[in-house]
Amino acid sequence: MATLKDARRVVVKIGSSLLVGSEGLHRDWIAALAEDVAALKARGADVILVSSGSIALGRRGLSLADGPLPLEQSQAAAAVGQIRLARAWEEALGPHGLTTAQVLLTLEDSEDRRRYLNSRATLEQLLAFGTVPVVNENDTIATDEIRYGDNDRLAAQIAATVGADLAVLLSDVDGLYTANPRTDPGAEHIAEITAITPEIEAMAGDAGTGLAKGGMKTKLIAARTAMRAGATMVIAEGTGLNPLRALEAGALATWFRPDTDPARARSTWIAAMKPRGEVMVDAGAAGALMRGSSLLPAGVTRVTGGFGRGDPVAILGPRGERLGTGLTRYTATEAEAIRGRKTTEIESVLGYPARSVLIHRDDMAI
């Protein structure tokens with residue numbers, strides 16, 4: 001199972017209380033975490049930051065009082081704070097030669113398959129470029145109906161989306177206890193969890209602060225999402241400088257260990273979907289798929305069904321044999337128009353720029 005030392009792709013969630021205080025940004029802390037991120041990048045790991053703090057920063061910029069805000073004021077504060085938050089990360093990571101990218105998401109971006117695939121493709125491309133994406137919920141437009149509600153769950157969903165093998169939740173607590181350690185001196189720390197049972201859920205008390213929305217219950221929800229996707233998740237103390245370095249050195253934390261890996265979990269998820277249509281491929285494409293390649297339009301010989309972008313489709317070999325299932329990046333109409341075509345022809349056929357592959361290798365179960 002993944003540890004920080006051997007993780008190839010890491011999602012790090014940072015809570016508001018770690019980033020922002022009564023005087024504004026904790027710049028020394030941010031600079032120290034940037035050192036940790038640079039160390040991970042230097043040894044070849046992909047890193048995505050899920051950073052809270054936009055509303056907390058924005059309300060100070062707008063001189064809004066502490067306490068609950070009406071929705072409109074909360075959204076305005078997010079708009080003011082988000083640009084400050086992005087600039088802070090850019091200034092912290094830039095001296096290490098790292099390029100920062102900003103990605104703002106809502107719950108709909110993971111619930112709608114088309115938008116989910118678009119988000120996944122964008123994040124994958126940003127990681128391929130070597131950037132450090134900084135992800136946050138788009139609080140400027142999100143309402144209760146279309147929001148995650150806290151960045152613990154957003155971080156777990158991002159880990160699932162990009163196939164991360166480790167999600168780190170940095171908080172003001174060092175893990176899960178049998179009871180709330182702030183009120184019960186007899187509470188015992190739990191170092192490792194392999195299944196979230198009702199007994200484990202009963203141990204979760206409110207670990208939130210004045211700035212943070214999440215508590216231990218939301219962290220367990222996040223852990224369930226991460227583990228289902230094959231990602232290890234860890235709840236770690238983040239208040240000190242260089243918290244990732246401390247975690248790597250063996251700092252007290254609670255590790256949630258899945259019973260599968262990200263690739264196998266994703267393949268199982270896709271394979272269980274009911275296809276909305278079929279694409280038949282030629283012998284050359286079938287062989288390439290079996291070797292782990294993506295499906296290009298040039299290898300498609302027939303398209304059936306009425307599927308949309310992001311829908312699951314059955315992939316058939318040249319004799320009609322079932323090769324697997326994949327999530328298509330084109331509608332049935334588009335797929336029919338470009339089947340048998342070279343990648344360089346797609347834009348001229350459709351009349352607009354589009355993806356180079358019909359089904360990406362990460363979006364199929366063969």
Query raised in the report: What residue among Val349, Val168, Val11 has the largest mean-square fluctuation in a Gaussian network model of the chain, using Cα springs under 10 Å?
Result: Val349
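Hey, which of these cross-link pairs are over 23 Å Cα-Cα: Lys13/Lys41; Lys5/Lys41; Lys13/Lys274? Provide the component values of the computation, followed by the final result.
Numbers: Lys13/Lys41 16 Å; Lys5/Lys41 12 Å; Lys13/Lys274 34 Å.
As for pairs spanning more than 23 Å Cα to Cα, those are Lys13/Lys274.
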Requested in this report: Step through the residues of segment 115-129 one at a time and calculate ³J(HN,Hα) from phi using the Karplus curve (6.51 cos²θ - 1.76 cosθ + 1.60, θ = phi - 60°), rounding each to whole Hz and writing x for Gly and Pro.
Outcome: 5, 4, 5, 5, 4, 4, 5, 5, 5, 4, 5, 4, 5, 4, 6
Requested in this report: Starting from the amide H of Val20, placed 1.01 Å from N in the peptide plane, find each other amide H under 5 Å away whose residue is 5 or more places distant or on another chain.
Outcome: His26
Requested in this report: Quick one: which residues, 5+ away or cross-chain, put their amide H under 5 Å from the amide H of Arg309? H built at 1.01 Å from N.
Outcome: Thr331
Report task. Report the relative contact order of segment 273-365, percent, no decimals, based on alpha-carbon pairs under 8 angstrom and at least 6 residues apart. Result -> 33 percent
Query - Mean separation of Cα contacts under 8 Å (6+ apart) over length of segment 296-339, as relative contact order % - result: 48 percent
Query raised in the report: Along the charge dipole of the chain, which of Ser171, Leu358, Val11 sits closest to the positive end, that is, farthest toward it, with unit charges on the beta carbon of Lys, Arg, Asp and Glu (+1, +1, -1, -1)?
Result: Leu358
Report summary line: When Trp269, Trp255 are ranked with the fewest other C-beta atoms within 10 Å first, the list becomes Trp269, Trp255
Report task. Pop out the Kirkwood hydrodynamic radius of segment 273-365 from its pairwise C-alpha distances, inverse of mean 1/r, in Å to one decimal. Result -> 12.7 Å
Query raised in the report: Taking H as built 1.01 Å from N, whose amide H comes closer than 5 Å to the amide H of Thr99, not counting residues under 5 places away?
Result: Val132
Query raised in the report: Any idea what angle helix 151-162 forms with the longest principal axis of the chain, computed on alpha-carbon atoms, 0 to 90 degrees, nearest 10?
Result: 30 degrees
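Normalized C-alpha radius of gyration of segment 4-129, against 2.2 N^0.38 Å?
1.14
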**Report entry** Filtered GluC sites (Glu not before Pro), segment 1-108: DSSP coil and at most 16 other beta carbons within 10 Å
**Finding:** Glu23
Report summary line: Ranked on Cβ counts within 10 Å of their own Cβ, fewest leading, Phe129, Phe307, Phe256 go Phe129, Phe307, Phe256
Query - Residue-wise HN-Hα coupling along segment 15-31, computed from phi with Karplus coefficients 6.51, -1.76, 1.60 (Hz; x: Gly, Pro) - result: x, 4, 5, 7, 8, 10, x, 5, 9, x, 5, 8, 5, 5, 5, 4, 5
Report summary line: By Cβ neighbour count within 10 Å, fewest first, Lys219, Lys41, Lys5 rank Lys5, Lys41, Lys219
Report summary line: In whole Hz, the Karplus estimates of ³J(HN,Hα) for segment 91-99 (6.51, -1.76, 1.60; θ = phi - 60°; x where Gly or Pro) are 5, 7, 8, x, x, 8, x, 9, 8
Query raised in the report: If you project the alpha carbons of the chain onto their three principal axes, what span does each projection cover, largest first, in Å?
Result: 68, 43, 39
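Values quoted throughout were computed directly from the atomic coordinates according to the rules given, and no laboratory measurement underlies them. Bear in mind the structure is a predicted one, so any value in this text is a computation, not a measurement. Here Cβ is always computed from backbone atoms with ideal geometry, including for glycine, and neighbour counts include all displayed protein chains.
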